[in-house]
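S.K.: To start, I am sharing the structure in question, which I have written as structure tokens.
The values are calculated or read from the model by the stated rules, or taken from the named source; none is laboratory data. As the structure is a prediction and not an experimental result, all values here were calculated from the model. FYI the Cβ positions are ideal-geometry reconstructions off the backbone, even for glycines, and counts take in every protein chain you see.
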Ligand code: ADE
């Protein structure tokens, strides 16, 4: 079994890389994939870059080039559900591309015309394990299961949060997860997106984000390590 792990930024993968053993590097384009072992499992780890296209490229390469059996995305997100606090964990139940808008033709926001699915569902057994690990590690009150929405936008406005909550019932928002989920749907790869909250996507987001990104990324990574021990 080979497990793929994608993070968008260096902060989101650096600590996982530091506990991997037997690392070999493989360059594809300008991306560096790290192959090795983590918690007794064969893994391929990459810093994929920010945004949906980068997420989709990495997920596709993880499948087609590295032939992964399962794929994880680990990283940070902005909270949308007002009950969720900075540092909390969101395990994605399903993911939607919030900036997909063909409403001019009468489609619901997020709906991708001519595709059966656009609410891409995470693997249920990986979800269960992730929630178990997260709850044991951080306590029940810090762990959430819900919808994650992704778009090529850093959200920093109360109006936009309200819109994401009302339109999609989103728990948190980020910039890659739904694209990775979309690729996993096409190729039938079991996947899970785990996000820790670095900011609340409001007027303070650009101040909170740099302050909390490292802590949040660490929380998300702790859960990935715990999951690897149990699968
Ligand atoms: N990742 C972390 N915080 C975010 C935000 N507010 N918007 C989009 N992506 C994020």
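S.K.: Examine the stretch 197-214 for a residue that is more than 16 Å from the ligand (Cβ to nearest atom), surrounded by fewer than 24 Cβ atoms within 10 Å (Cβ to Cβ) and in a helix (DSSP H, G or I), and state whether such a residue exists.
M.R.: No.
S.K.: Still on this model: Kindly indicate whether residue 68 is touching a residue at least 12 places away in the same chain (Cβ under 8 Å) and either exposed (fewer than 15 other Cβ atoms within 10 Å of the Cβ) or within 13 Å of the ligand (Cβ to nearest atom) (or both).
M.R.: No: the conditions fail for residue 68.
S.K.: Residue by residue through the stretch 167-183, note down the ones that are surrounded by fewer than 18 Cβ atoms within 10 Å (Cβ to Cβ) and within 13 Å of the ligand (Cβ to nearest atom).
M.R.: Answer for the stretch 167-183, where residues must be surrounded by fewer than 18 Cβ atoms within 10 Å (Cβ to Cβ) and within 13 Å of the ligand (Cβ to nearest atom): there is none.
S.K.: Within the stretch 89-109, can you find the residues that are touching a residue at least 12 places away in the same chain (Cβ under 8 Å), surrounded by fewer than 23 Cβ atoms within 10 Å (Cβ to Cβ) and either within 26 Å of residue 207 (Cβ to Cβ) or more than 16 Å from the ligand (Cβ to nearest atom) (or both)?
M.R.: 93, 94, 99, 109
S.K.: Looking only at the stretch 143-166, how many residues end up being under 21 Å from residue 49 (Cα atoms) and either touching a helix residue (DSSP H, G or I) at 6+ places or on another chain (Cβ under 7 Å) or surrounded by fewer than 19 Cβ atoms within 10 Å (Cβ to Cβ) (or both)?
M.R.: 8
S.K.: Of the conditions (1) closer than 16 Å to residue 7 by Cβ; (2) surrounded by fewer than 24 Cβ atoms within 10 Å (Cβ to Cβ); (3) within 13 Å of the ligand (Cβ to nearest atom), residue 222 clears all except one; give me its number.
M.R.: Exception for residue 222: condition (3).
S.K.: Another question about this same structure. Scan 161, 155, 227, 194 and give me the residue that is closer than 20 Å to residue 124 by Cα and within 14 Å of the ligand (Cβ to nearest atom).
M.R.: After ruling out the rest, the residue left standing is 194.
S.K.: Taking residue 156 and the conditions (1) assigned to a loop (DSSP other than H, G, I, E, B); (2) modelled with pLDDT under 95, which numbered condition does it fall short on, given that it satisfies the others?
M.R.: Residue 156 satisfies every listed condition except (2).
S.K.: Only one of (1) surrounded by fewer than 23 Cβ atoms within 10 Å (Cβ to Cβ); (2) touching a residue at least 60 places away in the same chain (Cβ under 8 Å); (3) within 19 Å of residue 3 (Cα to Cα) is not met by residue 186, so which one is it?
M.R.: (2)
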